[in-house]
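Values in this text are rule-based calculations from the coordinates and carry no lab data. Keep in mind that what you see is a predicted model, and the values were worked out from it rather than measured. Heads up, the Cβs are rebuilt from the backbone with ideal geometry, glycines too, and the neighbour counts pull from every protein chain shown.
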Amino acid sequence: MTSIDRDAAPQFVLPLVVRIEKDDPPARTDALETAARAVLTLLSDERAAGEGEWAEAVRDWQDARIRKVVRRARGSEWRRAGYLPGITVTGLAAEVRVYPPVPLDGWPKVLAKLQVSGTELDDPEPPPVAEAGLPVLWMNPELEMSAGKAMAQAGHGAQLAWWELTDAERTAWRDAGFPLAVRTPAPAQWPALTGSGLPVVRDAGFTEIVPGSCTVVSDYLPLRRTTST
């Protein structure tokens, strides 16, 4: 499908909600990695495939622009968000709930009331070097994004990696719990990554950044090398 066809198709969005309690917010990298795994968890769920109850919504969403929006919740908001059909994925401390796609202007009221802003998260210390053998989602070191925006971009990157894999590789990744890392390379490394032939997320520019910006490079090759040995 061409970009023109994607624009003409009915537009859907994949909602994600991150739990951010005022006194105990998650670390930024933990939230990004958890959001990426949440997207993969939904894509691999039996309800999203074949004749599953979410399958039609997922197909409609993937036939149009691949939009994801992250909103935040705490306390009673988070509890109410948990009543809607979806999947909650946990990281080290982060909690992210992903829902089947909804029409762009058809958010459930419980989710529509949640705020998009207020996802300013930080890492208390720099994340360690990614463990050998992990797929890595490399974030553009030259772009400033809110944590919510970056979480959506990490989700895009994970989805591009998913599309590159065989069914056997997808199954192995799922069965392992979707291990992955989100890291930011040194600025000098970014041109080599974007020119490597690996999948690159190019943002549509609806929020925060310039249209066409390269936000994430999906290095899924460590996973492919691991599953092929």
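What is the order of Arg202, Arg79, Arg47, fewest Cβ neighbours within 10 Å to most?
Numbers: Arg202 13, Arg79 10, Arg47 16.
With the sparsest Cβ surroundings first, the list reads Arg79, Arg202, Arg47.
Treating each Cα of the chain as one equal point scatterer and applying the Debye formula with no solvent, the log10 of I(q)/I(0) at q = 0.08 Å⁻¹ comes out as -0.27. Across region 84-229, the mean sequence separation of Cα contacts (distance under 8 Å, 6 or more residues apart), normalised by length, yields a relative contact order of 27 percent.
What the Cβ-Cβ distance of Ala172 and Asp23 gives, at R0 = 41 Å and to the nearest 0.05, is a FRET efficiency of 0.60. Restricting the calculation to Cα atoms, every distinct pair contributes to the Kirkwood radius of region 1-89, found to be 14.5 Å. As a proxy for reagent exposure, Asp203, Asp24 were ordered by neighbouring Cβ count within 10 angstrom, fewest first; the result is Asp24, Asp203. With springs only between Cα atoms under 10 Å apart, run a GNM on the chain and tell me which of Leu14, Leu40, Leu121 wobbles the most. In this elastic network of the chain, the residue with the biggest mean-square fluctuation among Leu14, Leu40, Leu121 is Leu121. Ranked for footprinting exposure by Cβ neighbours inside 10 Å, fewest first, Glu144, Glu169 give Glu144, Glu169. Within region 100-222, DSSP assigns beta bridges of which about 70% are antiparallel (rounded to the nearest 5). The alpha-carbon atoms of region 39-175 define a convex hull whose volume equals 147 cubic angstrom per residue. Placing unit charges on the Cβ atoms only, positive for Lys and Arg and negative for Asp and Glu, gives region 20-80 a dipole magnitude near 400 debye about its Cα centre. Placing +1 on the Cβ of every Lys and Arg and -1 on the Cβ of every Asp and Glu, with nothing else charged, gives region 68-147 a dipole about its Cα centre of roughly 740 debye.
Charges were assigned to the Cβ only: +1 to each Lys and Arg, -1 to each Asp and Glu. The resulting dipole of region 110-229 about its Cα centre is roughly 340 debye.
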